[in-house]
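**Student:** Got a structure here, written out as structure tokens. Questions coming.
The values are calculated or read from the model by the stated rules, or taken from the named source; none is laboratory data. Every value quoted in this text rests on a predicted model; they were computed, and no experiment measured them. Every residue, glycine among them, receives a Cβ derived from its backbone with ideal geometry; neighbour counts consider all protein chains shown. Heads up: the accessible areas ignore ligands, DNA and RNA and are worked out on the full protein's heavy atoms, side chains in. Shrake-Rupley method; radii C 1.70, N 1.55, O 1.52, S 1.80 Å.
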Amino acid sequence: MAMQNNSSYYFLVIVCMVLMLVNALKNDKQLIHYLFAIFCGSLCMVGVQKLSAPTIGVYHYLIGLFTCATCNVSWLVSRTLFRKSKPISGVHIAVAVSIAGLIMFNQTWHYLVSIDALPFPDSQQMWRLKQGMNEITVLLSSSILVLSFWEALRGYKQKNESQKLQAIIFASSYAFAVFNASILPKFLFSEADIKAYEPFIITSSALLIVLAMQVVMVLQSRDKTHCCNQTESETSDEVNRVKVDEPFEQMDISPKLIKGINQLINEQQLYLQSNLKISDLAQALSVPEYKISRAIRHYYKVANFNLFINQYRVKHAQALLLKDEARHWSILSIALESGFSSLATFNRVFKSIVGVIPNEFRKQNDKVQNSSLPELAE
């Protein structure tokens, strides 16, 4: 049984290590890849801690310090997967860091108790503090698990078929993992058996969540690629159809449609959503996608939807690069704040529009305080 237990933890470590490296070494990394790699790394340390406990004794609590990015980071992952606009803010990071701090406090406490090195004048008071911190940790962790589950199902009716499938995969896997780890064993095993099967229970629950996250990431990446190809195809088809069938004077580009597009882009700044699609604008304005595409080409004089949105994103990025308060922001931070999903895409698009990469633009304008930004074509 001991060997089987070790095999479960070894399997957890190997799978999480492979997924962590795959996402960390991607060329076109996005925020979700960084978060997922951190989550997998923390689960690796969970397995390492369990495996090392029999051999290194109390020092396994020090390894436990690196297991502080599990449920809290899984929440950040779920927000990034299912939120379109600004999924993570300072408040979310603060909550995640607070939970990490509580976990590290708990591991440090166990280590000090185990080596009988608690330098506290009133141990009774400190034990009460420890119990209180435990309760806070459990409460926050439970709340975070519920929020992670809810992120997938939030706005379910407004999702398309692919998004609904992703939500079902994530939410059902999350729900079953929690059920498998906390409720199901109570029905199937005695207390002694639960302890014996604990490695398998922990490993199966953790891997279910990890694999569900990876599957959703793959599906979203596939949808994004398909959407780009479809947009280019639809744009080409529409151009050809207009040339053959419709003179420009007969095109149905209503002032109401232009007003609606301007409101979504200029007032609501929808272009800051990293995964914005032409279907999102069409749905928001209740018009067919081809009318949005036609308005972009013939009213705004822009070749396609992607270029139209990227112009606004680049203009927003230029403004940030020139701001004094954003002077110390990294180029990656500027990219994410401007609606780009990765640094590589940001550099490529920025250079194609401005002529230089963002870092070079910042250097060129480092001593210029009131540079005028190029205006979009009317």
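**Student:** Only one of 65, 19, 51 is in contact (Cβ under 8 Å) with a residue 60 or more places away in the chain and open to solvent by 20 Å² or more (accessible area, probe 1.4 Å). Can you tell me which?
**Tutor:** The conditions single out 19.
**Student:** Which members of the range 68-112 meet the condition of being small (Gly, Ala, Ser), without any contact (Cβ under 8 Å) to a residue 24 or more places away in the chain and under 25 Å from residue 134 (Cα atoms)?
**Tutor:** 90, 94
**Student:** Run down 171, 181 and say which single residue is surrounded by 15 or more Cβ atoms within 10 Å (Cβ to Cβ), in a helix (DSSP H, G or I) and in contact with a Ser or Thr (Cβ under 6 Å, 6 or more places away or on another chain).
**Tutor:** Numbers: 171 fails: in contact with a Ser or Thr (Cβ under 6 Å, 6 or more places away or on another chain).
When all the criteria are applied, what remains is 181.
**Student:** If you don't mind, another one. Among the residues of the range 309-316, are any of a type in the set (Phe, Trp, Tyr), farther than 25 Å from residue 163 by Cα, without any contact (Cβ under 8 Å) to a residue 12 or more places away in the chain and open to solvent by 20 Å² or more (accessible area, probe 1.4 Å)?
**Tutor:** At the first step, the residues of the range 309-316 found to be of a type in the set (Phe, Trp, Tyr) are 312.
Now restrict to residues that are farther than 25 Å from residue 163 by Cα: 312.
Okay, now just the ones that are also without any contact (Cβ under 8 Å) to a residue 12 or more places away in the chain, so none.
No - not one qualifying residue is present in the range 309-316.
**Student:** What residue, of 147, 140, 129, is in contact (Cβ under 8 Å) with a residue 40 or more places away in the chain, closer than 28 Å to residue 62 by Cα and hydrophobic (A, V, I, L, M, F, W, C)?
**Tutor:** From the options 147, 140, 129, the qualifying one is 140.
**Student:** Mind checking which residues of the range 329-342 are surrounded by fewer than 19 Cβ atoms within 10 Å (Cβ to Cβ) and touching a Pro at 6+ places or on another chain (Cβ under 9 Å)?
**Tutor:** Result: 331, single match.
**Student:** Residue by residue through the range 251-276, note down the ones that are open to solvent by 30 Å² or more (accessible area, probe 1.4 Å) and either aliphatic (A, V, I, L, M) or in contact with a Cys (Cβ under 8 Å, 6 or more places away or on another chain) (or both).
**Tutor:** 253
**Student:** Inside the range 37-135, counting only helices (runs of 4 or more DSSP H) that do not spill past its ends, which hold 2 or more residues that are modelled with pLDDT of 85 or more and among the hydroxyl-bearing types (Ser, Thr, Tyr)? Let's see the steps before the verdict.
**Tutor:** Values: elements: 60-63, 71-82, 90-114.
Output list reads 71-82, 90-114.
**Student:** OK, next. When you check residue 81 against the structure, is it farther than 16 Å from residue 209 by Cβ and either of a type outside the set (Phe, Trp, Tyr) or touching a Leu at 6+ places or on another chain (Cβ under 8 Å) (or both), yes or no? Working first, answer last.
**Tutor:** Working: farther than 16 Å from residue 209 by Cβ: no; either of a type outside the set (Phe, Trp, Tyr) or touching a Leu at 6+ places or on another chain (Cβ under 8 Å) (or both): yes.
Answer is no for this residue.
**Student:** Still on this structure: Failed condition for residue 339, given (1) assigned to a helix (DSSP H, G or I); (2) of a type outside the set (A, V, I, L, M); (3) at pLDDT 90 or above, with all others met?
**Tutor:** Here residue 339 meets the rest and fails (1).
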